[in-house]
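Heads up, the thing below is written out as structure tokens.
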Amino acid sequence: MEYVIRDAKKEDMPQVLQLINELAVFEKEADAVEVTVSDLERDGFGANVRFHCFVAESDGVIKGMALVYNRYSTWKGPIIHLEDLIVTDSMRGSGLGTALLNEVVKYGNKLGVKRINWEVIDWNEPAIKFYESKGANVMRDWDVVQLDENGIKNYIANL
């Protein structure tokens, strides 16, 4: 199957959201997705762009995506964060993930970033092996720390 990797367009966001939901089901968090098509359209293509998205398209259907955004490391300087690299189940093992990751790395290089960061869930051994095969360092001694929306509100309320 042939595919094209390209920058996402605003009209791709419904299919991108379908992939996000597919990933949430895979990660056993089917009800966790709160973002909407409108959110993705506003945040990826509005006046204040918050992310850059690449899509993998085959016959007019989005089969994969990679979403990145800018960050800044106090140790290294400019970096980008790969929020998600998603390949639809039927396309896993086809080379699509590699093609998307290639595009992300070329994009980071073009921006002159010092590092590309991302997380992978600890039980997803195929993804871990994939990333390690590409030369990525999976840092198993670091824990992800988050304050969700309720956590932020509780934090502020206790100041």
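When DSSP assigns beta bridges and you keep just the ones with both residues in the chain, what percent turn out antiparallel, to the nearest 5?
Antiparallel bridges make up about 90 percent of those DSSP assigns within the chain.
For region 72-88, just list the computed ³J(HN,Hα) in residue order, Karplus coefficients 6.51, -1.76 and 1.60, θ = phi - 60°, integers in Hz, with x standing in for Gly and Pro.
9, 9, 5, 8, 10, x, x, 9, 10, 10, 8, 5, 8, 10, 10, 10, 4
Determine ³J(HN,Hα), in whole Hz, for all residues of region 125-142 in sequence, where each value follows from phi through the Karplus function 6.51 cos²θ - 1.76 cosθ + 1.60 and θ = phi - 60°; x replaces Gly and Pro.
Running phi through 6.51 cos²θ - 1.76 cosθ + 1.60 with θ = phi - 60° gives 4, x, 5, 4, 5, 4, 5, 5, 5, 8, x, 6, 9, 7, 8, 6, 9, 10 Hz.
With +1 assigned to the C-beta of every Lys and Arg and -1 to the C-beta of every Asp and Glu, and no other charges, what is the dipole magnitude of region 4-118 about the Cα centre in debye, to the nearest 20?
780
I need the Debye-formula profile for region 76-117: one equal scatterer per C-alpha, no solvent, reported as log10 I(q)/I(0) at q = 0.16, 0.29 1/Å, two decimals.
Listed by q, the Debye log ratios stand at -0.45, -0.97.
How are the C-alpha pair distances of region 4-118 spread across 10 Å bins, as whole percents from the shortest bin up?
The percentages, shortest bin first, are 14, 45, 35, 7, 0.
Just from its helices, what would the mean residue ellipticity at 222 nm be for the chain, if runs of 4 or more DSSP H residues each count -39500 (n - 2.57) and the sum is divided by every residue, rounded to the nearest 500 deg cm²/dmol?
-11000 deg cm²/dmol
Over the Cα atoms, compute the radius of gyration (one decimal) and Dmax (the largest Cα-Cα distance, rounded to a whole number) for region 94-159, in Å.
Calculated on Cα positions, Rg and Dmax stand at 16.5, 51 Å.
Order by neighbour count: Ile156, Ile128, fewest other Cβ atoms within 10 Å first, most last.
Ile156, Ile128
Read-outs: derived from the displayed coordinates by stated rules, not from any lab. All figures in this text were calculated on a predicted structure; none of them were measured in a lab. Ideal geometry is used to build each Cβ from the backbone, glycine not excepted, and the neighbour counts take in all protein chains shown.
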